[in-house]
1. Could you pull out every residue, at least 5 positions away or on a different chain, whose amide H is within less than 5 Å of the one on T59? Hs are placed 1.01 Å off N in the peptide plane, and Pro or chain starts have none.
2. Report the local net charge at A92: Lys and Arg +1, Asp and Glu -1, summed over other residues whose C-beta lies under 10 Å from its C-beta.
3. Under the rule a/c < 1.5 gives rounded, and otherwise a/b versus b/c splits prolate from oblate, where does the range 82-123 land using the Cα gyration tensor?
4. Once you treat every alpha carbon in the range 57-96 as an equal point and sum by Debye, what is log10 I(q)/I(0) at q = 0.15 Å⁻¹?
5. Keeping all protein chains in place, calculate the accessible area per residue for the range 16-128 (probe 1.4 angstrom), answer in Å².
6. How much mean residue ellipticity at 222 nm does the chain get from its helices, if each DSSP H run of length 4 or more adds -39500 (n - 2.57) and you divide by all residues, to the nearest 500 deg cm²/dmol?
7. Across the range 72-85, in residue order, what do the Karplus-derived ³J(HN,Hα) couplings come to in whole Hz, using 6.51 cos²θ - 1.76 cosθ + 1.60 with θ = phi - 60° and x for Gly and Pro?
8. May I ask you to give the percent of accessible area on the range 24-114 that is carbon plus sulfur, with a probe radius of 1.4 Å?
Amino acid sequence: MKKIKLSMIGLAFIALLGSCSTIPKGATAVAPFAIDKYLGQWYEIARFDFRFEQGLNNTTANYSLNPDGTVKVLNRGYDYTKNEWKEATGKAKQVTDGKAMLKVSFFGPFYAGYNVLALDSEYKYALVSGKNLDYLWILSRDTTIPEDIKENYLDMAGRLGFDTSRFIWVEHNMR
């Protein structure tokens with residue numbers, strides 16, 4: 001497996017952003033939020049495409065706790081044109097305890113915003129944005145998402161000003 005620095009599931013938006021913890025205008029991060037319940041494997045159901053994820057499917061993010069209290073982020077995706085897995089490892093920090101606003105870094109001291117805008121009570125499905133309307137993901141603990149939750153997240157995103165026609169629906173045909 002070839003390791004390549006790439007960003008997936010909304011975690012390293014642009015290396016030049018520096019330290020940021022902003023959220024799109026009108027959006028609110030989930031609160032209360034328990035980071036320990038958010039840890040584990042997430043499948044990317046849909047995303048706004050950007051250069052670090054172009055051409056990737058079977059994309060996942062795995063979150064685990066580091067000894068220092070930060071969160072280890074392991075993002076993976078399969079590039080069918082190159083027939084190889086790509087992955088990136090980074091770290092995330094919660095901006096405010098109890099609120100689903102984090103900052104994440106894959107590039108040294110540069111951090112990007114990671115905001116959970118919607119999350120079911122069992123932490124199975126999430127709608128995640130970056131700092132603005134250019135980055136949006138729908139995540140699930142499984143490779144699919146119930147239609148009613150999908151429609152709810154699409155409606156919420158649209159009301160916040162996201163252009164949901166930009167979504168790329170991710171294929172999951174490997175495990």
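The values are calculated or read from the model by the stated rules, or taken from the named source; none is laboratory data. On a predicted model such as this, the values are computed, not experimentally measured, just so you know. Counting neighbours? That spans all protein chains shown, and the Cβs are built from the backbone with ideal geometry, glycine included. Protein only, heavy atoms only, side chains kept; ligands, DNA and RNA dropped before computing areas. Shrake-Rupley method; radii C 1.70, N 1.55, O 1.52, S 1.80 Å.
1. Under 5 Å from the amide H of T59 lie the amide H atoms of E44, Y78, each far enough along the sequence or on another chain.
2. +4
3. Oblate, since a/c reaches 1.5 and b/c is not below a/b.
4. -0.43
5. Dividing the accessible area of the range 16-128 by its residue count gives 44 Å².
6. Mean residue ellipticity, 222 nm, calculated: -3000 deg cm²/dmol.
7. 6, 10, 10, 9, 9, x, 9, 9, 6, 6, 9, 6, 8, 7
8. Carbon and sulfur together cover 52 percent of it.
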